[in-house]
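Below is one structure; the comments refer to it alone.
Taken together, the values in this text are just the output of simple stated rules run on the coordinates, not laboratory data. This structure is a prediction, so every number in the text was calculated from the model and none was measured. Neighbour counts run over all protein chains shown; Cβ positions are idealised from the backbone, glycine included.
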Amino acid sequence: MRLWLVLGTLTIAAGEFARVEDWMQQAYYPALLLILVVASLGVPIPEDIPLIVAGVLLRTHPEIASWHGTLAVALIGVMSGDLVLYSLGRRWGPDVVNHRSVRWMITPTRFTRVARRFRVHGTWFCFFGRFLVGVRAVMCLTAGATRFPYWRFFLADFAGALLSIPLFVCLGYWFAGMIPTLQKYVGRAEALIWVLAITVILVVVFTVRARRRRRARRSAARLSDAPTSGTAE
């Protein structure tokens with residue numbers, strides 16, 4: 001699952017920048033809000049992309065939106081998804097790992113590991129978990145499922161969002177002139193990512209098949225040796 005999340009994130013980051021920029025040019029605030037809510041709900045979409053695009057548009061099309069409006073909408077979008085996941089985790093409790101809607105996101109083993117970190121680090125884990133792709137959604141679900149205090153979760157997550165959101169918007173604003181060059185190299189990287197993904201998948205498939213064949217041969221050899229041992233006795 002981690003492999004698929006990483007490959008999915010890299011592919012989306014490589015191919016969707018221009019599309020996200022086009023959506024936000026058509027409807028800046030609604031598109032920014034929708035993408036961030038979906039990303040914060042655990043869909044493997046890097047929420048950093050719309051934030052960077054927002055910064056680029058604030059630099060290249062200053063009439064399209066304002067800094068205050070951008071930061072406010074981004075905070076609402078990010079926190080809305082996080083609070084929905086926290087509420088679901090709190091409602092379902094430890095059984096959250098058995099629900100189909102989130103089973104692909106969090107396994108029993110991962111839930112146990114993240115819950116252990118909550119018991120040790122608590123608020124700090126909420127704060128720093130906001131900066132890690134693939135951990136944010138799991139962190140929010142586990143916080144609710146372990147009955148981590150709501151206000152401690154909210155304040156830590158909100159503090160992390162207050163730091164990360166302006167950071168990525170500013171990065172887009174400062175490096176807006178480099179985006180066309182980056183897009184050219186990113187387009188080449190996308191093809192390389194797909195080749196790498198297919199190669200990894202083929203290696204995994206052949207490795208699994210080879211192991212199954214070896215196990216089948218060993219089982220067959222044991223079964224064929226069993227009657228001989230019995231007769232000798």
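Suppose R0 equals 41 Å. What FRET efficiency, 1/(1 + (r/R0)^6) with r the Cβ-Cβ distance, do Arg116 and Thr60 give to the nearest 0.05?
0.35
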Which FRET efficiency value, to the nearest 0.05, is calculated for Val135 and Ala216 with the Förster distance at 35 angstrom and r the Cβ-Cβ distance? 0.35
Summing +1 for each Lys or Arg and -1 for each Asp or Glu, what net charge is found among the other residues whose Cβ lies under 15 Å from the Cβ of Phe127? +2
Taking only C-alpha positions in region 41-153, Rg and Dmax in angstrom work out to 15.9, 49
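If you add up the charges near Leu36, with Lys and Arg at +1 and Asp and Glu at -1, over every other residue whose beta carbon is less than 11 angstrom from its beta carbon, what do you get?
Cβ neighbours under 11 Å give a net charge of -3.
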When you count, for each residue, the other Cβ atoms within 10 Å and take the mean per peptide, how do 206-219, 156-169 rank with the highest first? 156-169, 206-219
Ranked by how many other beta carbons lie within 10 Å on average, peptides 135-146, 85-96 from highest: 135-146, 85-96
